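Here's the structure, in structure tokens; my notes come after.
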Amino acid sequence: MLREINSAPKLKMIPAVIMTTSAADEESLQPYALLARCCIPKAVDFSQVAKLVKWIEDWWPVVVTVPK
């Protein structure tokens, strides 16, 4: 999916956040090589997904600078 996003000029600027179940460094390198903006631990239930989404909503605009 990241290859498709990065090959389309209109989609390339979409920040891709990857959720992963792996803690292995080798497996987290591939998304970054494909221009993922960050990798975070995958949530195991809906309440954790909701917390992660809220965290990203709060964190992203404060920490990340995007071109205007």
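Rundown of residues vs (1) on the phi > 0 side of the Ramachandran plot; (2) surrounded by fewer than 10 Cβ atoms within 10 Å (Cβ to Cβ); (3) touching a residue at least 24 places away in the same chain (Cβ under 8 Å); (4) small (Gly, Ala, Ser), yes/no style:
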{"position": "Pro15", "(1), (2), (3), (4)": "no, no, yes, no"}
{"position": "Ile18", "(1), (2), (3), (4)": "no, no, no, no"}
{"position": "Ser28", "(1), (2), (3), (4)": "no, no, no, yes"}
{"position": "Glu57", "(1), (2), (3), (4)": "no, yes, no, no"}
{"position": "Pro61", "(1), (2), (3), (4)": "no, no, no, no"}
{"position": "Lys68", "(1), (2), (3), (4)": "no, yes, no, no"}
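In region 45-55, what residues are aliphatic (A, V, I, L, M) and either surrounded by 12 or more Cβ atoms within 10 Å (Cβ to Cβ) or within 14 Å of the chain's Cα centre (by Cα) (or both)?
Of all residues in region 45-55, those aliphatic (A, V, I, L, M) come to 49-50, 52-53.
Listed by number, the residues that qualify are Val49, Leu52, Val53.
Would you please name the residue that is surrounded by the most Cβ atoms within 10 Å (Cβ to Cβ), looking only at residues in region 30-39 that are assigned to a helix (DSSP H, G or I) and not aromatic (Phe, Trp, Tyr)?
Within region 30-39, the subset assigned to a helix (DSSP H, G or I) is 30-33.
Adding the requirement that they be not aromatic (Phe, Trp, Tyr) leaves 30-31, 33.
Working: Gln30: 13, Pro31: 18, Ala33: 9.
My answer is Pro31.
Just checking, does region 49-66 include any residue being farther than 14 Å from Leu2 by Cα and of a type in the set (Gly, Ala, Ser)?
Step one: list which residues in region 49-66 are farther than 14 Å from Leu2 by Cα, which gives 49-66.
Within this subset, residues satisfying the condition of being of a type in the set (Gly, Ala, Ser) are 50.
Scanning region 49-66 turns up at least one residue that is farther than 14 Å from Leu2 by Cα and of a type in the set (Gly, Ala, Ser).
To keep it simple, each residue is scored yes or no on (1) among the aromatic types (Phe, Trp, Tyr); (2) within 9 Å of the chain's Cα centre (by Cα); (3) assigned to a loop (DSSP other than H, G, I, E, B).
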site: Asn6; (1), (2), (3): no, no, no
site: Pro9; (1), (2), (3): no, no, yes
site: Pro15; (1), (2), (3): no, yes, yes
site: Ser28; (1), (2), (3): no, no, no
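Need the failing condition index for Lys42 against (1) within 20 Å of Met13 (Cα to Cα); (2) surrounded by 13 or more Cβ atoms within 10 Å (Cβ to Cβ), just the number.
Of everything listed in (1) within 20 Å of Met13 (Cα to Cα); (2) surrounded by 13 or more Cβ atoms within 10 Å (Cβ to Cβ), Lys42 misses just condition (1).
Search region 45-68 for residues being within 21 Å of Met13 (Cβ to Cβ) and aromatic (Phe, Trp, Tyr), and hand back the single one that is modelled with the highest pLDDT.
Step by step, filter region 45-68, then rank; the result is Trp59.
Can you tell me how many residues within region 1-13 are within 21 Å of Thr65 (Cβ to Cβ) and surrounded by 12 or more Cβ atoms within 10 Å (Cβ to Cβ)?
Of the residues in that region, 2 qualify.
The values are calculated or read from the model by the stated rules, or taken from the named source; none is laboratory data. From a predicted model like this one, the values you see are computed outputs, not experimental measurements. A quick note on method: Cβ atoms are made from the backbone with ideal geometry, for glycine too, and the neighbour counts reach across all protein chains shown.
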